[in-house]
Each structure stands twice: as C-alpha cells, then as structure tokens.
1. Got at least one residue in segment B:259-276 being at pLDDT 90 or above and either closer than 21 Å to B:M335 by Cα or under 20 Å from the mean Cα position of the chain (by Cα) (or both)?
2. Which of the residues belonging to segment A:335-345 are at the interface with another protein chain (Cβ under 7 Å from one of its Cβ atoms) and either surrounded by 23 or more Cβ atoms within 10 Å (Cβ to Cβ) or not in a helix (DSSP H, G or I) (or both)?
3. Which ones in segment A:192-202 are open to solvent by 10 Å² or more (accessible area, probe 1.4 Å) and touching a residue at least 24 places away in the same chain (Cβ under 8 Å)?
4. Given (1) crowded, with 17+ Cβ neighbours inside 10 Å; (2) of a type in the set (A, V, I, L, M, F, W, C); (3) over 30 Å from B:P32 (Cα atoms); (4) more than 7 Å from chain A (Cβ to nearest Cβ), identify the lone condition not met by B:V95.
5. Testing B:F160 on (1) part of a strand (DSSP E or B); (2) at the interface with chain A (Cβ under 8 Å from one of its Cβ atoms), one condition comes back false. Which one is that?
6. Just one of the numbered conditions (1) touching a helix residue (DSSP H, G or I) at 6+ places or on another chain (Cβ under 7 Å); (2) away from chain B (no Cβ under 13 Å); (3) surrounded by 24 or more Cβ atoms within 10 Å (Cβ to Cβ) is not true of A:L459; which one?
7. Which one of these does A:L189 not meet: (1) part of a loop (DSSP other than H, G, I, E, B); (2) at pLDDT 95 or above; (3) away from every other protein chain (no Cβ under 14 Å)?
8. Among the residues of segment B:117-147, write down those that are closer than 23 Å to A:V388 by Cα and in contact (Cβ under 8 Å) with a residue 60 or more places away in the chain.
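The values are calculated or read from the model by the stated rules, or taken from the named source; none is laboratory data. Quick caveat, the model's predicted, so the values are computed rather than measured. A quick note on method: Cβ atoms are made from the backbone with ideal geometry, for glycine too, and the neighbour counts reach across all protein chains shown. We work out accessible area using only protein heavy atoms, side chains counted, and drop any ligands, DNA or RNA first. Shrake-Rupley method; radii C 1.70, N 1.55, O 1.52, S 1.80 Å.
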Amino acid sequence: MSSTNMHIEPAPEKGFFDSILPRQVEPSGVIGWLTTIDHKRIGVLYLITALWWFLVGGLEAMMIRWQLHKPEYQDFISAETYNALFTMHGTTMIFLVIMPLAVAFFNYIMPLQIGARDVAFPRLNAFSYWMFFFGSVLINVSWLFGEAPNMTWVGYSPLTNSTYTPGMSGDFWVVGLQILGVSSIVGALNFITTIINMRAPGMSFMRLPVFTWMTLITALLVILAFPAITICLVELMFDRLFHTNFFEASAGGLPILWQHLFWVFGHPEVYILILPPMGMVSEILPVFSRKPLFGYPLIVGSGAAIGFMGFTVWTHHMFTSGLGNIATAAFALTTMAIAVPTGVKIFNWIGTLYRGQLIMATPMLFALGFIYQFMMGGFSGLMHANAVHDLQQHDSYFVVAHFHYVLIGGALFGTFAGIYYWFPAVTGRKLDEAKGKFVFWFLFIGFNGAFFPMHWLGLNGMPRRIYTYSARNDWGDLNFVVTCGAALMAVAVIIFFFDLFKTAATGKLAGRDPWDARTLEWSIPNPPPVYNFKETPHVHSLDDWWYTKYPDTLHHDDIGLDATESPYEDDDASHMHPSDHVVDHGHHDEHGIHMPGGSWFPMFAAFGFFVGGMGLVFNGQFLYGDVIEIVKNGANVSEWVRYDQMATHGYEVPYLQTLFWRFWIAIAGGLFGVFSIFCWSMEPIGGYNIHFDDEDDGVKAKDTKTPPVQTAPVEPAPITDPVVPVKADDKTEVVKVEEAEAEKPKKKKKKKKSTKSDDKVETVTVGEVEEKVLDTPEPGEAAAKLDAEKEEESDDTNDDDSDKKEEK
Amino acid sequence: MPNRIKSLLAFLALTTAGCVDGVQSTLDPLGPVAERQMSTFMVTLWVSLGIFAVVGSFMVYCIVKFRHEGQITPDTPLPEQGHGSAITEIALILVSVGLVGVIALPTVTGVFWVGTEPANEDVMVIDVTGQQWWWKFDYPELGVSTANEFAIPAGRPVRFNLKSADVQHSFWVPRLGGKMDLLPGQDNWLWLEADPAMLAANNDQLSTADNEPGQRWEHLPDDYPFQGYILYGQCAEFCGDSHAFMKFRVLVLDDANFRKWVEWQKTDAKSTLDKEQADAGLLAFRQNKCGSCHMIRGTSASGQVGPDLTHFGTRTSVAAGWLENTKENLGHWIMNPNEVKPGNIMYKTGYLQLDENGEEVQNYKIKLDDAAKNTIVDYLTSLE
C-alpha cells in the first residue's frame, strides 16, 4: 500500500516465536506468500495449484485417449501404465482440480460477498491450503517411484488390499487422500463459521448471494460426507499396514463394506463438485441478463434439498453388487426423486434468461453451455436411476459419458464461467473476449464430440477401465471420434492458459464493476485492498449492490418496507428490515484497521503431516539402519524402494519389535505437525494497523520500512471513470458529473452518518442513476458516480474510496 | 403393441446409425432379460427426449429472442425485473414429479422381475467362479466343468451363481442381459435366458461366411461336433492389470446340440493325433509342469489352479476370450504370457522366478523352446 492517504503501524504484540522465527510486518516476496493467511492470497494459491494439476490430469487424459484411439493397440503404453493413468486422472481431476478450484472461489469471493474482511480462522485457512498442496504432491510423487496408484479412483476392495496391490501404490493413494480429506474438512468448518458468524449487518440468510449459499451447503456436505471416506481409508490403511481384516473376506471381513462406506462419501462428493459451479452460474446469469435470478428462494431451497437428498442415494453406484430387489428398487426411487430439485434449478436458470437482455460475453457463454450440458448429464443420470437397465449401463462407457457431462460440461464449464467472470474482481483486468469465445467454442465442440459418442459406446457394450478392446466389437470408429474431440479440448485449454498468463501480466485495467454486477464483491476496488471493506457495508436487500446503483428497480415488498420508502433513499436505521442487526463488525476506531500477521506454522504443520504420510508409505523401507548405511556408503534411490524385507535386509524383520523402526519417519513427521499446530496456538496475532490519513485518530503517520506490497504498475484510469475528489461543500462538481443527465429529474437523497459522534444528516443531490446502464466493456460509471457522492462526506463513508488509487 | 415389435422399432431407430449393433450391444437383445431391460430404458429415453425437446427449445428461444445486440448505453432501459413466478414453479415441479412417476413404475416392476428367478420353469444352474483373469464354469447338476467358454440351451432360463476366488469381477453378456458382480464373501447370482425366436430373427445379421480365424464368429465353425451361436461376454468390474483381457464366450445351442455338448464335455480327453504324437505332447505338457495347474481329464495332468484344458480343441478362444484359438495364438500365449495378459498368474507363479540378485528371469521355472512349444500346441489343439 503505497498510497498517500494511509499508513501502517506495526502491531506491538510480539511473542516468543517472533524472536526465533521473525515474521514480516507487511507480507512481501516469496515469504509473504508462504506465510500468508489472507483469504485472497490463499484463494490465488488454490487457483494456481489447481490449474497446474488440471494440466497434469489433462495430459493423463490425452494419453488415455491416444491409447484407445484404435482397437488392439498395444504399442504405446503398457496395461499397468494405462491403469495408473486412468486412476490418477480421476483422482487428480476430482480432488486436485474441481474441488480446489471451487475452494479458490470460496476463499476469495465468499468473504467479499458477505462483507467480511477475511474468513473466521485465517491460519486454519492457510493450513487447509498447505495440506492440499502437500497432499497433492504426495499422491503424485508416486509417479517418480513407478508406484502410481492403479486401482481406480474408487479403490474397491479386495483389489486394494496388500495381497492384490502389493507395494506402495495403494499406500500413496490411501495416505494422500487422507491428507486431502483433512484439508477439505478443515476448510469447510472455516467457511461454515464464516458464513454464519461474519455476515455484514443486514445480510440475513435469504439475502445471501447464491454462490455463498452454495458455499455453505457444500461445506456442510463436506463435513458430513468426508468422515465416511476417512473411515474406509483408515480401515484400508490398517488392513494394508497392520494386517487387520476389515475387508478380508477370508477372515470374516466384508469387501462390500468398502463400497458402502466409499459411496456414502462418494455420492455427496459429486454434489460437492457440482453445487459451487451451480452457484457461480446462478450469479452470472442474472448479471448478464440484467434482471434478478428467477425464483431465488427455490434455487436456494433446491440446493439444500439436493445436498440433503444426496445422502439418500449412494447405493445407486452399487446396483450390480447384489443388494437384493428391495434395496435396489428403493434407491432407484430416491435417485429419481433427486432429479426433481435439479430440474427446478434448470427451469429457474432458463427463467432468468426469459425476457432479459442477454449479453453474450464469455462468462455468459460458459454459463449457457453449463445449463445445456448439465441437463444432458441429468438425462443420462435419470437413465442410470432406472435400475433395470442400469445393470447394462453400469461400468460401461455410458457411465463415463454421464459423469463427464456433469463434471466437465457442468462443473468445469461453470468454473470457467466463474474464472472469466471474477477475473476482473481479482486482478482488475478482463480476460480477452475474442480468445474467450474461441476457448468456449473449441471446448464446447470438442467436449461434445468427445463425450457424446461415449453414450453409444456404452450402449454398445464397451466396458470402462479397459486398456484396449477387440476389433470384433466395432468400437474403433467411435473411439477415434472421441479422441479427436479430446484433441480439440486440448487446443482450447492451451489457448485458455495463454490468455490467462497474458492478461494477468499485461492486460488492460477494466475499471470498477466492469460487468455492472449485483453483489458486494463488485462494490470495492478491483483488485481489492488488503482489508477488503474500509467500513463494513450495511445490507438492505438481496443483490444489495445492484439496488444501491438502481434503487428504483427495488420491489419494496422484498424487504418488508412500506411502498413509499426505500432504504437507499433514507438510510435511517429504523427503516431497516427487522432481521438487520446493527452490530458493527470491523468499524475501525483509533487503532485503525488491524491486519493480522502471516504465520509459518500452518505450512510447517502441513509439511510435518506430509513427512508423516511419506513415512507411512515408505514404512519398513527406510529403516533406521538404512539411514546409517546410506550416510556411510551412499545408495541409489531405486534401491531404497523395496518392499520385500528379506531381499532388502537379508533377514526376516520381526513384526512388533520393529513397529517403531518401521514407522519412525511417520511418527516424527506427525509429531512435528502437531507441534506446529501447538505453536500456532501460542503465536500472537502480530500484523499491523492501517490508519487512514484523512481521519484524526490520534496516530501519526510513520515511515514504514518494508517496501510496498503491490508491484503491479499503476495505470491511469480510463477516461470514462472520472472519479473526481469532491469537497464536502462543493456541490457544483457533483452537478458537473451529472450534466449529461440534466434532463432527468433529480431525487433527494439523504444520507445519515453512522458514527455516534455526528447526528447531522447531510443532503446530497444526485442524479437519477437508474437509466445509466453501463456499457458492458466500459468501467462502471454508476459505481464511479456513487463514489463521487460519497466523497461529499469528509469522513465516514459506507463504501470504499475509489478515488484513492490503492494498489494491491 | 407386442414387446417384440416395440423392441424392433426401438432397435431400428437407434441402429440406423449403426452405432449400437455390435456383438456386445445392450440394445440388440437376444433374450427376455435384455429385452425387458431395454424396454424400461426406452421409457426413460422417450421421457428424456420429450423434456429435452421442450426445455431445450425454450432455452434456444430465450437465447435467440432476448439476446441483446450492440452496446448497452445509458439509454438502454433495463428489462422487466421479474423475480419469479410461484405458479410456474409449482406447475413445473408437479410435471417433473409426474414424469418421474412415469419412469418409476416400470423401474420398480422391472427390478423385481429381473431379480427373481423364473418359477415353474426348468432353471438350469451354472456355478461361475471368476478369478484373475479367467472364468471357471461348473454345472453341478450335469457334472460338467469347463473354463472361459460354456454352453446354454436356448429357451431355458439359466441361473448363474457367482463367486469370486480373489478380487471383485463382474459377469456381463450384454445381449442376454445386464451384469452382476462377483464379490468374495457374497453370494451373488443372476438369471439369463436366450430366446430362440430372437436368435432366429437375428440370423440374417450374423455373419456366416467369415468363420475364419480372427474374423467375426457368430456361429460355431462347421467342423465342430456341436452347432450353435457364439455370444460374447466380458468382465465389467476392474480387477487388476489384465482386466481388459478377461473375457468369455457363451455358446447358445438348441436342445439337441446342448445335449451333445454336455456329453462331449463329460468325456475324457481324446486327441485327434496318432498315439505316438499324442503321448509326446502329453509328455511335454507334464515335463514343463503344465499339468501341475491344468487338468486334462483322462491323463495324469490334474492341476486345479488354472483352466481345465480337457476339450481345449473345441474351444473358440485362447486366454479367456481374448485371442482366437489358433496354433499361432496359442504358441504366442504359452511362450510369452506376460505380453498377452500382463501380470497373469501363469506367468507370475509358473514362469517367473527371481534370480540371486532379485531380478526377474522369465521362464526360469518353465523353459520352453520352440520344439516343446510346437509339440504342446499341436497336442492341445488336438484335444477336441
């Protein structure tokens, strides 16, 4: 923050750890990113990491498609490699791409949408990220050892036990997923607490943006569903490492137990994957139709219904497992029932388009593609719900077609819509529109060309997870078409990444509120200042930002007001909805806005658990004696990887006596992780206070030693964004800004200050802003005008000061 | 409309594009179970197509009609700011529930029909044991045991008792019906039936002229002692490295030919080679330890670990449905099993050995040279 109107003051509290492990005051450089606890930076970290794994998972998919492009093709890769590729493709895309992309937006956008300064537990938030990072590294490091997991992403027993999957591939999978699971659960707890506790005053639950609602429901699904997979992963790990018999049929265990536990998690998991993109699309469609979301309460209600009913359908993944007729029929019915709330959402999205003004910018294209493709995926899902024919469809390419339609056609397209939509909010720049359209069309054509033929292939009897197939079945032609579609998708993805890098580096600044949007994250500068909101906003309705800009479009019955009054004309607290509570969060006082300091401990804790996890995977293979030998004599990496103890050590190692030595790395890593968490509980907040120079809060400006954080160049604002600082007593300049609308009648606008110290009500004349609809590609004029109004008040603004060119 | 005509119409509709008429098609049924399953699918398909037509066209209409061309300017009025319509919502929910009900009824009745063994009929029982990566078929009532290929009589329901010897597998013959998994510790089963009328109706689509090695075989070769159709099945639950190669074949025979087949299977092995060559073949078979895993009834080869090879000569495939039964393929299989089915047990326990450095040495336990290979191949293919 190098702007001239504010200065920072390092917070005085220092703790024990600060003397051994100094922390930055303001975050800067690589260390600033490693120790960040700022939800915005953590969101960016999630995005970058997830996009990297998207490339990895996409490469795996391309190799799969090349392997399958013609029948009986065995000259490219081996069957074992193919099995690892599709296993890792599924695991990567689900756990390392779609989920973290959603979490990136939960992190960045959700607190802005509810008017908060950060999430409830910022260090825990960082811990979530680092656990995700190290978990993703752990599971992929297996490639380097030739032990990539190859037992499918669902890992059915008994295939995954130590008899049929000897070696480390199963352990990498089991341990990696548990680390990722901790990341998800901890993050979900954070988001739930944030949404329940940290909403701005006036933001009742039915005024939450739909994306925030989906965040909440998804987080609730995570904390209820992940324990099931944790249970089965722990049990499998014990079976593999400690010779227990949870899934060992010969010893009385139940292989089908794995399937039940996994799918009790697995089905809600697919709703975890799709609800966030549904939320994104529910934000985008109203903005680009320039009218409210059709049936907001039902969209929210169906989301909640889908979340709840998602726990009642899991056995539809097991129709061929021999459940018996009654269970099969019952779960077929519950699965069909869940189609109803899903259909409601689709109807409502199309209802939003109806009689709108549809602007076909790239986010809108992806959102429309989402609706079409998710609907198609819904049809094939309905066909699966028919348990009779599902006995034919199960484990065939029909299933592969279905879930790629909902996961790529639905979740990925929705996420891309979110990336294109919120890119200006995060970076201040819009992605290139021409390239965006290219990406959309190539992705749309390529995706449908790749995955629609799979419906035919499945109905024609092609099983899934097969390395190659006989020429007799006539599957070759369609498989070739599928591979061509996949290639088109690859081209689209390459152009997308090119555009991403280019725009992030050199894109033109888009200005405030470039899409003329509806929700609070667009009411602050983009990129946002580190503290998000200078003053916590007071919310008066759903889509509060839109009605701030266009108060005449507000239907008064929405907020329970008398028809003659609108809170946007009279900010008298007595006119607020009864659910508005006037508890102020984050109103800054003489201490300024406090920004917490970064912390090393979340990363250290995650690293400790990563090492612990590696110790579990490499158990018995890196005995203490080996360390001595390696130190003394050196050794090849490949020789470390032996799971035959007789061959490695030349002697039979007694089991219980060496439990410690087999797992000493795991124990050490785990202890380090726990110790780091203990340290962070003792660590003082640190950080710094931000004081605004235009306020007299008794703290003088001090020189700050640390260099400014933001290194992005300051570009002059485009001419159409005339933010003119206006003195309190100079109304003529306000009138100048409004000259173009001199014809339009003016309304009186009263503003009441919310500080206790000043009861004076100022009257500001503003032009009517309802008609001043923005050019979509032009920066927000309405927003600029509102800022101009707000400059009338010398202190105590309700929104952020955009005339001060703050940099991020 | 009689079910057959409905099926035919649906079949024609979907296969005019030639997309779903393969030998493992689920929409080209040859038995009542597959046909029932397909007819419930058709209900869901038509409902989906109906919804797609209505909703899809409305969506296209909205996109085309309400698309805003050009820039949004200060003069552009906002569109009507509707929030929703309770009547529309309620109506759509009711319609959705109704359509779901339309699909639900045939589904529930179908589940019970498919999942109940036909009563009052002479149901034959076959015990199926799946293991990595081949199939064992035992007929407990008939005293027959074979591997990777089995016969059923057309027109008679067959109950398959499904057991797994190791990991999860799935038994799937798409043209006869849906699949059922094989899970250790669980007694799964399913029933299937081949319908003679459907088989006859399909006759003109089955290729009869191409009965050559490696070609599309739908009929058993003319020189086989029993005649009938070949249907194709495959494992459909990922079971390890060679899951893609775990296939099997179903011979659908009429009553007379089925009786012939049963009697044929019950006899001991007899070779078409002369006695000297046959003895040499058997000797090579036993000397190379093949007999410790494979049974050839009537000889001293009595292993129970691998597939029964008593009548290998009249089997249409090698390596569990993956390769056609030719001398060349069989020779390749027994010389290089790991190249055909990676990780297969014959290779890992029979051929593979670790030398003193822990390195893998192929054919350490079983060393086959070309001469031994040819002798064994000649012998096995002669075991009709």
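1. For segment B:259-276, residues at pLDDT 90 or above and either closer than 21 Å to B:M335 by Cα or under 20 Å from the mean Cα position of the chain (by Cα) (or both): absent.
2. A:M336, A:G343
3. Here is the first cut: in segment A:192-202, the residues open to solvent by 10 Å² or more (accessible area, probe 1.4 Å) are A:192-193, A:196-199.
A:I192, A:T193, A:N197, A:M198, A:R199, listed by residue number.
4. Every listed condition holds for B:V95 apart from (1).
5. (2) is the only condition that B:F160 fails.
6. (2)
7. So A:L189 meets the others, but not (1).
8. Listed by number, the residues that qualify are B:E117, B:P118, B:V123.
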